[in-house]
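Here the structure comes first, spelled out in structure tokens, and everything after it is commentary.
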Amino acid sequence: MTQDLSGKVALVTGAGSGIGKAAALALAQAGASVVVMSRTAEEVEKTAEEITQAGGRAKAMTADTSDDAAMGQLFSQLVQDHGRLDIVVANAGVNGVWAPISDLKPEEWDKTIAINLRGTYLTIHYAVPHLIKAGGGSIVVISSINGTRTFTNPGATAYSVTKAGQVAMVQQLAVELGQHRIRINAICPGAIESEISENTEKRNSEEAEVPAEFPEGDIPLTGGKPGKAEDVADAILFFASDQSRHITGTPLWIDGAQSLLR
């Protein structure tokens, strides 16, 4: 059994950089036609260009995953262009504002919930009918060690709630979607070289910090060095392929044992 995705159509959200971009490149290299989506047209067009220059097939599309109308339109256009949908990588997300709960503003909470949790829901909501028409498929949701194993990042309440919610969604839907031969799994990365950390706004987060001593070397497997986006992309490719044909409702932590320390 190989990871040959020839004839398959894949959608990757948040594909402009980091894990999403690496996933799109890996899926295209395995033969899939990849729709790369982001809120930022310039970024996602570069991803599509890299794929086509390497001999793959890709189309760039833009939408805000938390916008119902925009997502409905995107999926209609996607299926009109490609005729089918087989693989969905729900990767789009933000770290948002990290602040003590008494300082975290309702609009900041709402924005993180909207992009990370509502965005994941809308992606799956619109994808499932097309996956059913294709006779089944695979959904991969990118969660995090935060909210699933790790609860020591001060002020990350909203973010952690969305990541825990994504895993709950995956496990709930594994049962519901199994009858349609749709598999759904979650990947929970630890520290990965990507740009998401640059988009984190921390405000007075030290007030929510609880002192703790950890063993030397924050990530045991790599001596403290973060993983690479390709480490996650390889797992996404596995979940997207028939090699994971009997795996669903399963969270996979990719963190070099980081979350087992923290």
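Here are some notes:
- In range of the label at E176: residues from segment 109-132 whose backbone nitrogen is under 20 Å from the point 7 Å along Cα→Cβ: 113-132
- Checked against a 26 Å cut-off, the cross-linked pairs K133/K163; K105/K163; K111/K225; K59/K111; K8/K111 give Cα-Cα distances beyond that limit for K133/K163; K111/K225; K59/K111; K8/K111.
- Relative packing of 9-18, 72-81, which averages over residues the other C-beta atoms within 10 Å, highest first: 9-18, 72-81
- Relative contact order, percent, segment 9-261 [alpha-carbon distance under 8 Å, six or more residues apart]: 21
- For the chain, hydrophobic long helices are taken as DSSP H runs at least 27 Å long by C-alpha position along their axis with mean Kyte-Doolittle hydropathy of -0.5 or more; these are 157-178.
- Of the trypsin sites (Lys or Arg not before Pro) found in segment 70-138, none is in coil by DSSP with at most 11 other Cβ atoms within 10 Å of its Cβ.
- Relative intensity, log₁₀ I(q)/I(0), of segment 1-137 from a Debye sum that treats every alpha carbon as a point, q = 0.09, 0.17, 0.19 Å⁻¹: -0.27, -0.86, -1.04
- Cβ charges +1 (Lys, Arg) and -1 (Asp, Glu), total dipole of segment 9-261, debye: 1000
- In the elastic network of the chain, a GNM with C-alpha springs shorter than 10 Å, the most mobile of T52, T62, T112 is T52.
Since every read-out is calculated from the coordinates, none of them should be taken as a lab result. Remember, it's a predicted structure, so these values are computed and weren't measured experimentally. Glycine gets a Cβ as well: all are built from the backbone with ideal geometry, and neighbour counts include every protein chain shown.
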